[in-house]
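Please read the structure below before turning to the comments.
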Amino acid sequence: MAIDLRSDTVTRPSPGMRDAMAHAVVGDDVFGDDPTANSLEERVAAMFGKEAGLFAPTGSLANQLAIRMLVAPGEELLAETNSHIVRAELGAAAVFSGITTRTWPAIHGLLKASDALEIARPDSGPYLVSTTAIAVENTHNFGGGTVQPISEIAALRIGADNLGIALHLDGARIWNAHIASGVSFIDYGKYFDTISVCLSKGLGAPIGSIMLASKVHVAKARQWRKRYGGGMRQVGILAAAGHYALDNNIERLADDHRRAKELAVAIAGVHSSLIDPSGVQTNIVGLDLSAMSFTAAELTQRCRDGGLWIAALGPKYARLVTHMDFDDSQCEQAIEILKKALVA
Ligand SMILES: *Cc1c(COP(=O)(O)O)cnc(C)c1O
């Protein structure tokens, strides 16, 4: 079978997870009656020190519900140039919420509070767009799994408070940030007004994200989720997978990080311009092909011919993501396939 490193979303629920799903106690969640969904929302909210949580089918919806609570139509959200909210949600903030975005660029997506604060323009009056929120992505996906320094997050909070601006955390991979940095979920949570986390990335659940916020914002977001068609019924079947993922799959992310590093070291051994292994902090290995004679699409095809699936995310940018369905022996195989593909 092919080795699939296109994303950490490609994992299949394990037998233990499927068992938990099969035995989930459920009810109609639109009526608020699904005990497993309710307990998952409460559990994740408590983990991050937030008042309440809301189950969403996707991280995109969790992000969109959150920023909708913070930014009114005609106001702006600031985010890093290559952030998921800006580049990978099909313009949803504009389409659904009338939110405009303005961006700051950062190498590898690494947060510097001053980059965001310098372009923030709250209370801009009757002529210019007013900034009402800033989004931070941790880890940063297209930046290559970058962990955001807690010192910069803290500085951003102070600056945002001075300006009266809210903060949203796109924490699709906050689990990976926690394992890599040792910073607790509570410490990450305390700096943000709203948070989205994904259960379906490294944690291995088939479906599910949680939006976290104040009780008032979660109650309002619950209405918007239904309006968007995301009010689900016996969703405890999915929430049970989320509980199982939190119980079993957080600590093991360290293995994904170790394997990503092994891939990066081997790839850098072929050509040092492809990647700096010291920059690989979590489970994402982003390859810069700008010094190579072939494109990301060509590399992807060569790898696929050898039995390894990777993603071409730009003309000269390829991405490999390690995950729980990728073990040490597959890692050795992947390295052999990559070595051939990169010199071909
Ligand atoms: C995957 C991801 C999301 C959510 O994606 P969905 O496919 O909508 O679940 C949000 N933010 C980041 C950084 C992601 O990597």
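Going by the conditions given, is ILE107 hydrophobic (A, V, I, L, M, F, W, C) and in contact with a helix residue (DSSP H, G or I) (Cβ under 6 Å, 6 or more places away or on another chain)?
no
From ILE275, ILE267, grab the single residue that is among the hydrophobic types (A, V, I, L, M, F, W, C), in a loop (DSSP other than H, G, I, E, B) and under 14 Å from GLY144 (Cβ atoms).
Answer to the selection: ILE275.
Which numbered condition in (1) aliphatic (A, V, I, L, M); (2) surrounded by 18 or more Cβ atoms within 10 Å (Cβ to Cβ); (3) in a loop (DSSP other than H, G, I, E, B) is the only one that LEU128 fails?
(2) is the only condition that LEU128 fails.
Within the set of pairs 6 or more residues apart or between chains, which connect a residue that is assigned by TED's automatic domain parsing to the domain that holds MET69 inside segment 123-135 to a residue that is open to solvent by 50 Å² or more (accessible area, probe 1.4 Å) and assigned to a strand (DSSP E or B) with Cβ atoms less than 7 Å apart?
VAL129/THR100
For ILE186, all conditions in the list (1) among the hydrophobic types (A, V, I, L, M, F, W, C); (2) over 17 Å from the mean Cα position of the chain (by Cα); (3) farther than 17 Å from LEU246 by Cα hold save one; what is the number of the exception?
It fails just one condition, (3).
Just to be sure, is VAL86 touching a residue at least 60 places away in the same chain (Cβ under 8 Å) and within 16 Å of the ligand (Cβ to nearest atom)?
no
Using the structure shown, decide if ALA45 is open to solvent by less than 10 Å² (accessible area, probe 1.4 Å), away from the ligand (no atom under 16 Å from the Cβ), closer than 28 Å to ALA113 by Cβ and not aromatic (Phe, Trp, Tyr).
Answer is yes for this residue.
Given the residues GLY144, GLY189, GLY164, which is the only one that is in contact with a helix residue (DSSP H, G or I) (Cβ under 8 Å, 6 or more places away or on another chain) and at positive phi?
So the residue among GLY144, GLY189, GLY164 that is in contact with a helix residue (DSSP H, G or I) (Cβ under 8 Å, 6 or more places away or on another chain) and at positive phi is GLY144.
Can you tell which of LEU54, LEU117 is out of contact with any His (no Cβ under 7 Å at 6 or more places or on another chain) and more than 16 Å from the ligand (Cβ to nearest atom)?
None of the others qualify; the one that does is LEU117.
Give me the residue from segment 164-191 that is surrounded by 21 or more Cβ atoms within 10 Å (Cβ to Cβ) and part of a loop (DSSP other than H, G, I, E, B) and, out of that set, nearest to the ligand (Cβ to nearest atom).
Here the answer is ALA172.
Those residues that are crowded, with 19+ Cβ neighbours inside 10 Å and not aliphatic (A, V, I, L, M), I need them from segment 313-329; list them, please.
Result: ARG319, THR322, HIS323, PHE326.
Residue-by-condition table, conditions (1) over 24 Å from the mean Cα position of the chain (by Cα); (2) within 30 Å of ASP327 (Cβ to Cβ):
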position	(1), (2)
MET1	yes, yes
SER14	no, yes
ALA20	yes, yes
HIS23	yes, yes
ASP28	yes, no
PRO35	yes, no
MET47	no, yes
GLY53	no, no
ASN63	no, no
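Can you list residue pairs whose Cβ atoms sit under 6 Å apart, with the first residue in segment 27-39 being within 15 Å of PRO57 (Cβ to Cβ) and the second being of a type in the set (Val, Ile, Thr)? Count only pairs 6 or more apart in sequence or on different chains.
Taking only residues 6 or more apart or on different chains, the pairs are ASP29/VAL235; ASP34/VAL26; ASP34/VAL235; ALA37/VAL235.
Exactly one condition in (1) without any contact (Cβ under 8 Å) to a residue 12 or more places away in the chain; (2) within 16 Å of the ligand (Cβ to nearest atom); (3) under 22 Å from MET324 (Cα atoms) is false for GLY229; which is it?
Condition (3) is where GLY229 drops out.
Restricting to segment 203-215, name every residue that is surrounded by 20 or more Cβ atoms within 10 Å (Cβ to Cβ) and either more than 10 Å from the ligand (Cβ to nearest atom) or charged (D, E, K, R) (or both).
Once the filter is applied, which keeps residues that are surrounded by 20 or more Cβ atoms within 10 Å (Cβ to Cβ) and either more than 10 Å from the ligand (Cβ to nearest atom) or charged (D, E, K, R) (or both), segment 203-215 yields LEU203, GLY204, ALA205, ILE210, MET211, LEU212, ALA213.
Could you tell me whether LEU156 is more than 14 Å from the ligand (Cβ to nearest atom), more than 18 Å from the chain's Cα centre (by Cα), over 30 Å from GLY204 (Cα atoms) and open to solvent by less than 10 Å² (accessible area, probe 1.4 Å)?
The answer is yes for LEU156.
The values are calculated or read from the model by the stated rules, or taken from the named source; none is laboratory data. Please read these numbers as outputs of a predicted model, since none were measured by experiment. When we count neighbours, we look across all protein chains shown, and the Cβ atoms used for this are built from the backbone with ideal geometry, even at glycine. SASA here: full protein model, heavy atoms, side chains in, ligands and nucleic acids out. Shrake-Rupley method; radii C 1.70, N 1.55, O 1.52, S 1.80 Å.
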